[in-house]
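A quick write-up on the structure given underneath.
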Amino acid sequence: MTYDPMYDLIPAHFAHELSGRPSMGYVSGEDWIDDLPGLIADLLAEWELEPIGRPSSGVCAVVIPVRLLGAGRDVVGVSGEGVLKITWPHPEAATEHLALQAWNGHGAVRLVRADPSRFALLLERLHTRDLSNVDIDDACGVIGDLLRVLRRPAHPRMPSLTAYALRQADELRAAPPVLPRRYLDQAAALATELAERPAEERLLHTDLHYTNVLAAYRSPWLAIDPKPMAGDSAFEVAPALWNRTDELGTGSQVRWSLRRRLEIICERAGIDEGRARAWTIVREADNAVAAAAGASGDATSQAHARDQVSLAVTIIKAMND
Ligand SMILES: Nc1ncnc2c1ncn2[C@@H]1O[C@H](COP(=O)(O)OP(=O)(O)O)[C@@H](O)[C@H]1O
Ligand SMILES: [Mg+2]
């Protein structure tokens, strides 16, 4: 293989991680990684971008800091800097640009341009600081405030939360007993109930946790990475509960910590707590079943699945008591 300088823009652990992913309706992780250097080079040339810093990556995307040499500089402000985010194609990422367009920079990162066919976005550059090290009560306050700012009417092209709930009702009922049966049955019943009594449909940020909120110059905090859907705002609370879990404490503190996070976010966002608890139970049951089903034979993957399942039990219990 000849050396391609674009490989320097792809973090090695990201390439390794992605290589194991089977296609989710588009392209396998391995084939995508093979084509990624060419894709980066094409986008840098077409969009007139110069790479200027160390790339970061999340679970599914590589994010390259860039200077805008051509169009779009008016959108990013005086710095002239942005980031090129290229995501491994999967359904959740297909509508990210539409949600960012709808928010138009209010409460969320600004979108400069997008090429949905290549899952490529050019975004304004934010700081590297996120909510991971902010006092947990304050961080939950920020998340609640952002959810209120981000609230918009549903967008017609977003995946429907009601359809998700109906699917979960069937899947959780039929799932193997990775969780105590009563929790799976409860989650399935709640999913049916939530689908039958829908709340007003909104544009949702379904992944608003502590590393998906970044500091900025023009606003203290902005949301990124929305994985948008259309449906009940109460769905949006759970990711702030299942992240930063090493700070939940032990014994009876755990329930208290989780309920406090839930209360702060619901109060600040104007979300009904009962519905947020119900959605959290459904989402955690879904996470546990998916983690158990997705675990491969190796010990690390098995251990990860066990952790996910035990976290789900902890959170579901805390939502019930
Ligand atoms: N606009 C931005 N400015 C600066 N850094 C960013 C920006 N968007 C994303 N990042 C960095 O890239 C990481 C991954 O991006 P993200 O959109 O969260 O993708 P993923 O779906 O992979 O989690 C973020 O956690 C953050 O560190
Ligand atoms: Mg992210």
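Bear in mind these aren't lab numbers, they're just calculated from the coordinates by the rules spelled out. Since the model is a prediction, treat every value here as computed from it, not as a measurement. Methodologically, a virtual Cβ is constructed for each residue, glycine included, from the backbone with ideal geometry; neighbour enumeration extends over all protein chains shown.
Here is a list: ALA114, ALA108, ALA99, ALA71. Which entry is surrounded by fewer than 23 Cβ atoms within 10 Å (Cβ to Cβ) and either within 30 Å of PRO22 (Cα to Cα) or in contact with a His (Cβ under 9 Å, 6 or more places away or on another chain) (or both)?
Working: ALA108 fails: surrounded by fewer than 23 Cβ atoms within 10 Å (Cβ to Cβ); ALA99 fails: surrounded by fewer than 23 Cβ atoms within 10 Å (Cβ to Cβ); ALA71 fails: either within 30 Å of PRO22 (Cα to Cα) or in contact with a His (Cβ under 9 Å, 6 or more places away or on another chain) (or both).
So the residue among ALA114, ALA108, ALA99, ALA71 that is surrounded by fewer than 23 Cβ atoms within 10 Å (Cβ to Cβ) and either within 30 Å of PRO22 (Cα to Cα) or in contact with a His (Cβ under 9 Å, 6 or more places away or on another chain) (or both) is ALA114.
Tell me the residue from LEU172, LEU146 that is in a helix (DSSP H, G or I), touching a residue at least 40 places away in the same chain (Cβ under 8 Å), closer than 30 Å to VAL254 by Cβ and touching a strand residue (DSSP E or B) at 6+ places or on another chain (Cβ under 6 Å), please.
Every option except LEU146 fails the conditions.
I'd like the full set of residues that are among the hydroxyl-bearing types (Ser, Thr, Tyr), farther than 23 Å from ASP232 by Cβ and surrounded by 18 or more Cβ atoms within 10 Å (Cβ to Cβ), limited to segment 263-313. Can you show your working first?
Step one: of segment 263-313, the residues among the hydroxyl-bearing types (Ser, Thr, Tyr) are 280, 296, 300-301, 310.
Okay, now just the ones that are also farther than 23 Å from ASP232 by Cβ, so 296, 300-301, 310.
Passing the criteria: none in range.
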*Just one of the numbered conditions (1) away from ligand 1 (no atom under 16 Å from the Cβ); (2) in a helix (DSSP H, G or I) is not true of THR211; which one?*
(1)
*Restricting the first residue to segment 127-140 and requiring it to be touching a residue at least 40 places away in the same chain (Cβ under 8 Å), which pairs with a second residue that is more than 10 Å from ligand 1 (Cβ to nearest atom) and among the basic types (Lys, Arg) meet a Cβ separation below 8 Å and a spacing of at least six or different chains?*
SER132/ARG244; ILE136/ARG244; ILE136/ARG261; ASP137/ARG260; ALA139/ARG244; CYS140/ARG260; CYS140/ARG261; CYS140/ARG268
_When you scan segment 47-65, do you find a residue that is away from ligand 1 (no atom under 14 Å from the Cβ), without any contact (Cβ under 8 Å) to a residue 12 or more places away in the chain and either more than 26 Å from the chain's Cα centre (by Cα) or closer than 23 Å to LYS227 by Cα (or both), even just one?_
no
_Quick check on this structure: which one of ALA216, ALA154, ALA174 is surrounded by fewer than 21 Cβ atoms within 10 Å (Cβ to Cβ) and in contact with a Ser or Thr (Cβ under 9 Å, 6 or more places away or on another chain)?_
ALA154
*For residues in segment 211-227 being of a type outside the set (A, V, I, L, M) and within 10 Å of ligand 2 (Cβ to nearest atom), which is farthest from GLY105 (Cα to Cα)?*
THR211
*Considering only segment 175-187, how many residues are touching a residue at least 24 places away in the same chain (Cβ under 8 Å) and either in contact with a helix residue (DSSP H, G or I) (Cβ under 7 Å, 6 or more places away or on another chain) or part of a helix (DSSP H, G or I) (or both)?*
7
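Look at segment 188-210 and say how many of its residues are surrounded by fewer than 24 Cβ atoms within 10 Å (Cβ to Cβ) and either within 16 Å of ligand 2 (Cβ to nearest atom) or under 11 Å from the mean Cα position of the chain (by Cα) (or both). Spell out how you get there, then give the answer.
Narrowing segment 188-210 to residues surrounded by fewer than 24 Cβ atoms within 10 Å (Cβ to Cβ): 188-190, 192-193, 195-203, 206-207, 209-210.
Pick out the ones that are also either within 16 Å of ligand 2 (Cβ to nearest atom) or under 11 Å from the mean Cα position of the chain (by Cα) (or both) and you get 206-207, 209-210.
Going through segment 188-210 one residue at a time, the tally reaches 4.
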*Quick one: LEU258 ticks every box in (1) more than 16 Å from ligand 1 (Cβ to nearest atom); (2) in a helix (DSSP H, G or I); (3) under 17 Å from the mean Cα position of the chain (by Cα) except a single one, so which number is it?*
(3)
*Test ALA139 against the stated conditions and say whether it is in a helix (DSSP H, G or I) and within 13 Å of ligand 1 (Cβ to nearest atom).*
no
*Given (1) farther than 30 Å from ALA154 by Cα; (2) out of contact with any Phe, Trp or Tyr (no Cβ under 8 Å at 6 or more places or on another chain); (3) in a loop (DSSP other than H, G, I, E, B), index of the condition GLY105 fails*: (1)
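Report yes if ALA278 is of a type outside the set (S, T, N, Q) and in a helix (DSSP H, G or I), otherwise no.
Details: of a type outside the set (S, T, N, Q): yes; in a helix (DSSP H, G or I): yes.
For ALA278, the condition - of a type outside the set (S, T, N, Q) and in a helix (DSSP H, G or I) - is met.
Return the residues of segment 230-255 that are within 16 Å of ligand 2 (Cβ to nearest atom) and either outside any helix (DSSP H, G or I) or free of Cβ contacts under 8 Å to residues at least 40 places away in the same chain (or both); say none if nothing qualifies. Lay out the reasoning, then the answer.
Step one: list which residues in segment 230-255 are within 16 Å of ligand 2 (Cβ to nearest atom), which gives 236, 238-240, 242-244.
Matches in segment 230-255: PRO239, TRP242, ASN243, ARG244.
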